[in-house]
Amino acid sequence: MYKRKPVYSRSVILAMIGYFLWCLSNAWATSPSFVKTVYTDIASSVAVRDLNGDGKPDIATVAWGDGVVRIRYGNGDGTFGPINSYATPVGGGPYNLLVADVNHDGKDDIIVPNFQNGYFAILLNNGAGFTASYDFAGGYIYKMAVGDFDHDGNLDLAFAAGDVKIMLVERFVCP
(Lines give C-alpha, C1' and ligand atoms only; values in the text may rest on other atoms or scores of the structure.)
Protein backbone atom coordinates (compact mmCIF):
# COMPACT_ATOMS: atom_id res chain seq x y z
CA MET A 1 0.00 0.00 0.00
CA TYR A 2 1.19 3.50 -0.83
CA LYS A 3 2.10 5.64 2.19
CA ARG A 4 1.71 9.42 1.86
CA LYS A 5 4.65 11.53 2.76
CA PRO A 6 4.00 14.64 4.85
CA VAL A 7 4.14 17.83 2.79
CA TYR A 8 5.94 19.80 5.51
CA SER A 9 8.36 18.49 8.03
CA ARG A 10 7.67 18.89 11.74
CA SER A 11 10.31 21.61 12.07
CA VAL A 12 8.80 23.67 9.24
CA ILE A 13 5.35 23.45 10.85
CA LEU A 14 6.75 24.54 14.23
CA ALA A 15 8.57 27.44 12.55
CA MET A 16 5.32 28.58 10.86
CA ILE A 17 3.43 28.42 14.16
CA GLY A 18 6.19 30.38 15.88
CA TYR A 19 6.13 33.05 13.17
CA PHE A 20 2.32 33.30 13.41
CA LEU A 21 2.48 33.75 17.19
CA TRP A 22 5.23 36.37 16.85
CA CYS A 23 3.12 38.34 14.33
CA LEU A 24 0.08 38.06 16.57
CA SER A 25 1.93 39.34 19.62
CA ASN A 26 3.42 42.28 17.68
CA ALA A 27 0.04 43.20 16.24
CA TRP A 28 -1.36 43.79 19.72
CA ALA A 29 1.81 45.16 21.25
CA THR A 30 0.85 48.68 20.23
CA SER A 31 -2.67 49.96 20.56
CA PRO A 32 -4.10 52.31 17.95
CA SER A 33 -4.05 55.98 18.76
CA PHE A 34 -6.94 58.34 18.14
CA VAL A 35 -6.97 62.09 17.92
CA LYS A 36 -10.11 63.62 19.33
CA THR A 37 -11.35 66.81 17.74
CA VAL A 38 -14.51 68.35 19.13
CA TYR A 39 -16.72 70.66 17.11
CA THR A 40 -19.50 72.23 19.12
CA ASP A 41 -22.39 72.15 16.68
CA ILE A 42 -25.91 71.67 18.00
CA ALA A 43 -27.37 68.76 16.06
CA SER A 44 -30.21 66.25 16.06
CA SER A 45 -28.84 64.47 12.96
CA VAL A 46 -25.60 64.25 11.02
CA ALA A 47 -24.55 63.08 7.55
CA VAL A 48 -21.09 62.74 6.03
CA ARG A 49 -20.66 63.20 2.29
CA ASP A 50 -18.57 65.20 -0.19
CA LEU A 51 -20.98 68.11 -0.61
CA ASN A 52 -18.77 70.57 -2.49
CA GLY A 53 -17.19 68.16 -4.99
CA ASP A 54 -13.59 68.51 -3.80
CA GLY A 55 -13.19 64.80 -2.99
CA LYS A 56 -13.02 65.43 0.78
CA PRO A 57 -15.74 64.35 3.21
CA ASP A 58 -17.87 67.12 4.67
CA ILE A 59 -20.16 67.07 7.71
CA ALA A 60 -23.79 68.25 7.49
CA THR A 61 -25.89 68.62 10.64
CA VAL A 62 -29.37 69.88 11.40
CA ALA A 63 -30.58 71.17 14.74
CA TRP A 64 -33.92 70.27 16.31
CA GLY A 65 -34.46 73.76 17.69
CA ASP A 66 -34.14 75.86 14.54
CA GLY A 67 -34.05 73.51 11.52
CA VAL A 68 -30.92 75.20 10.18
CA VAL A 69 -28.57 72.97 8.19
CA ARG A 70 -24.94 73.53 9.18
CA ILE A 71 -22.13 72.27 6.99
CA ARG A 72 -18.45 72.06 7.81
CA TYR A 73 -16.44 71.44 4.67
CA GLY A 74 -13.59 68.99 5.16
CA ASN A 75 -9.94 69.99 4.76
CA GLY A 76 -8.88 66.45 3.83
CA ASP A 77 -6.68 65.97 6.91
CA GLY A 78 -9.40 65.13 9.43
CA THR A 79 -10.16 68.74 10.26
CA PHE A 80 -13.06 70.87 9.09
CA GLY A 81 -13.58 74.50 8.23
CA PRO A 82 -16.02 76.98 9.77
CA ILE A 83 -19.77 76.46 9.81
CA ASN A 84 -21.77 77.38 6.73
CA SER A 85 -25.46 77.76 7.66
CA TYR A 86 -28.44 77.23 5.37
CA ALA A 87 -31.96 78.01 6.60
CA THR A 88 -34.83 75.70 5.77
CA PRO A 89 -38.49 76.70 5.54
CA VAL A 90 -39.51 73.82 7.83
CA GLY A 91 -38.35 75.55 11.01
CA GLY A 92 -37.63 73.74 14.26
CA GLY A 93 -38.34 70.07 14.76
CA PRO A 94 -36.33 68.00 12.26
CA TYR A 95 -35.36 64.51 13.44
CA ASN A 96 -32.87 63.74 10.69
CA LEU A 97 -31.46 64.78 7.35
CA LEU A 98 -30.71 62.85 4.19
CA VAL A 99 -28.20 63.49 1.44
CA ALA A 100 -29.05 62.43 -2.12
CA ASP A 101 -28.94 63.82 -5.66
CA VAL A 102 -32.66 64.43 -6.12
CA ASN A 103 -32.50 66.50 -9.32
CA HIS A 104 -29.91 64.45 -11.29
CA ASP A 105 -27.34 67.24 -11.60
CA GLY A 106 -24.47 65.20 -10.13
CA LYS A 107 -24.43 67.15 -6.85
CA ASP A 108 -25.81 65.83 -3.58
CA ASP A 109 -28.79 67.74 -2.21
CA ILE A 110 -30.07 67.76 1.38
CA ILE A 111 -33.53 66.62 2.47
CA VAL A 112 -34.71 67.78 5.90
CA PRO A 113 -37.93 66.30 7.34
CA ASN A 114 -39.75 68.04 10.17
CA PHE A 115 -41.72 66.26 12.86
CA GLN A 116 -43.40 69.29 14.41
CA ASN A 117 -45.13 70.77 11.37
CA GLY A 118 -45.30 67.82 8.94
CA TYR A 119 -43.23 69.38 6.16
CA PHE A 120 -39.89 68.49 4.66
CA ALA A 121 -37.48 70.72 2.78
CA ILE A 122 -35.13 69.97 -0.09
CA LEU A 123 -32.04 72.16 -0.29
CA LEU A 124 -30.57 72.03 -3.77
CA ASN A 125 -26.80 72.02 -4.16
CA ASN A 126 -25.54 74.45 -6.80
CA GLY A 127 -21.86 73.56 -6.30
CA ALA A 128 -21.11 76.72 -4.34
CA GLY A 129 -23.66 76.14 -1.59
CA PHE A 130 -27.33 75.42 -1.14
CA THR A 131 -29.55 78.16 -2.50
CA ALA A 132 -32.95 76.93 -3.61
CA SER A 133 -35.27 75.39 -1.06
CA TYR A 134 -38.52 73.53 -1.56
CA ASP A 135 -40.97 72.39 1.09
CA PHE A 136 -43.62 69.73 0.87
CA ALA A 137 -46.33 68.45 3.22
CA GLY A 138 -45.86 64.88 4.32
CA GLY A 139 -47.26 64.33 7.82
CA TYR A 140 -45.42 64.35 11.12
CA ILE A 141 -42.18 62.83 9.89
CA TYR A 142 -39.87 60.84 12.14
CA LYS A 143 -37.48 59.36 9.57
CA MET A 144 -37.03 59.35 5.80
CA ALA A 145 -35.35 57.14 3.23
CA VAL A 146 -34.65 57.63 -0.45
CA GLY A 147 -34.56 55.05 -3.21
CA ASP A 148 -35.84 54.41 -6.71
CA PHE A 149 -38.84 52.33 -5.62
CA ASP A 150 -40.58 52.26 -9.01
CA HIS A 151 -37.38 51.86 -11.12
CA ASP A 152 -37.99 54.95 -13.24
CA GLY A 153 -34.54 56.46 -12.64
CA ASN A 154 -35.81 59.10 -10.19
CA LEU A 155 -35.28 59.01 -6.45
CA ASP A 156 -38.48 58.50 -4.50
CA LEU A 157 -39.08 59.36 -0.85
CA ALA A 158 -40.35 57.07 1.88
CA PHE A 159 -41.11 58.54 5.27
CA ALA A 160 -42.35 57.30 8.60
CA ALA A 161 -45.13 59.51 9.89
CA GLY A 162 -47.03 57.19 12.20
CA ASP A 163 -47.30 54.87 9.22
CA VAL A 164 -45.01 54.49 6.22
CA LYS A 165 -45.79 56.74 3.28
CA ILE A 166 -44.04 56.62 -0.09
CA MET A 167 -43.88 59.61 -2.40
CA LEU A 168 -43.11 58.52 -5.96
CA VAL A 169 -41.39 61.36 -7.79
CA GLU A 170 -41.98 61.36 -11.54
CA ARG A 171 -39.65 64.26 -12.14
CA PHE A 172 -38.11 66.80 -9.82
CA VAL A 173 -38.50 70.13 -11.60
CA CYS A 174 -36.06 72.90 -10.75
CA PRO A 175 -36.75 76.56 -11.51
* Test for THR88: is it among the β-branched types (Val, Ile, Thr), crowded, with 21+ Cβ neighbours inside 10 Å, in a loop (DSSP other than H, G, I, E, B) and at pLDDT below 85 -> yes
* Is it the case that ASP101 is at pLDDT below 75, surrounded by fewer than 20 Cβ atoms within 10 Å (Cβ to Cβ) and acidic (Asp, Glu)? -> no
* Structure fact -> Filtering the range 57-93 down to residues that are touching a Phe, Trp or Tyr at 6+ places or on another chain (Cβ under 7 Å), touching a residue at least 24 places away in the same chain (Cβ under 8 Å) and hydroxyl-bearing (Ser, Thr, Tyr) yields TYR86
* Are there any pairs with C-beta distances below 7 angstrom linking a residue in the range 94-112 that is closer than 15 Å to PHE159 by Cβ to a residue that is open to solvent by less than 10 Å² (accessible area, probe 1.4 Å) and among the acidic types (Asp, Glu), with the two at least 6 apart or on different chains, and if so which? -> ALA100/ASP109; VAL102/ASP109
* Selection status of LYS143, charged (D, E, K, R), in contact with a strand residue (DSSP E or B) (Cβ under 6 Å, 6 or more places away or on another chain) and over 26 Å from GLY53 (Cβ atoms) -> yes
* Could you look through the range 51-78, keep only residues that are assigned to a loop (DSSP other than H, G, I, E, B) and open to solvent by less than 50 Å² (accessible area, probe 1.4 Å), and pick out the one that is modelled with the highest pLDDT? => LEU51
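The values are calculated or read from the model by the stated rules, or taken from the named source; none is laboratory data. As the structure is a prediction and not an experimental result, all values here were calculated from the model. Here the Cβ is made from the backbone with ideal geometry for all residues, glycine too, and neighbour counts use every protein chain on show. Heavy atoms of the whole protein, side chains included, go into the accessibility calculation; ligands, DNA and RNA do not. Shrake-Rupley method; radii C 1.70, N 1.55, O 1.52, S 1.80 Å.
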